[in-house]
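*Asks:* Supplied in structure tokens, the structure appears directly below.
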Amino acid sequence: MLDHIILLKFHEHTTDEQLQAVIDCFKSLRQHLWGVLDLQAGFNFSDRNQGYQLVLTVRFESREALAAYESNAEHHACSALIRESGRLDGIVVDIEVS
């Protein structure tokens, strides 16, 4: 089992509506993926967020499920929306969990 965690930082002109559209797009991925045990997306409300406004997480049952996610067409559409919405930076972390 593994967690795929994404932190996203957007341009100051990116609207809350655009950020919500990214969250909604990411949440919609669940119906297009296999091997997903949990999927979450939301606004980062931490006062230590270092400018990273959104957090996206997926718990996969295996590395094969993560690989399938990475090549999924719907995932690529969400990635395009993220870029079009003014993404400035992103951090991705993959960890094995027990």
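The values are calculated or read from the model by the stated rules, or taken from the named source; none is laboratory data. Bear in mind that the values here come from a model prediction, so they are computed numbers and not experimental data. All Cβ positions, even for glycine, are placed from backbone atoms using ideal geometry, and neighbour counts span all protein chains on display.
*Asks:* Checking the structure you have, find out if any residue of the range 44-63 is assigned to a strand (DSSP E or B) and among the charged types (D, E, K, R).
*Replies:* Yes: the range 44-63 contains one or more residues that are assigned to a strand (DSSP E or B) and among the charged types (D, E, K, R).
*Asks:* Test of understanding: among 85, 46, which residue is closer than 19 Å to residue 12 by Cβ, at pLDDT 95 or above and surrounded by 16 or more Cβ atoms within 10 Å (Cβ to Cβ)? Even if it seems obvious, please write down each step before you answer.
*Replies:* Values: 46 fails: surrounded by 16 or more Cβ atoms within 10 Å (Cβ to Cβ).
Sole residue among the options that is closer than 19 Å to residue 12 by Cβ, at pLDDT 95 or above and surrounded by 16 or more Cβ atoms within 10 Å (Cβ to Cβ): 85.
*Asks:* Just give me the residues in the range 8-41 being closer than 15 Å to residue 53 by Cβ, part of a loop (DSSP other than H, G, I, E, B) and touching an Asp or Glu at 6+ places or on another chain (Cβ under 6 Å), in sequence order.
*Replies:* none
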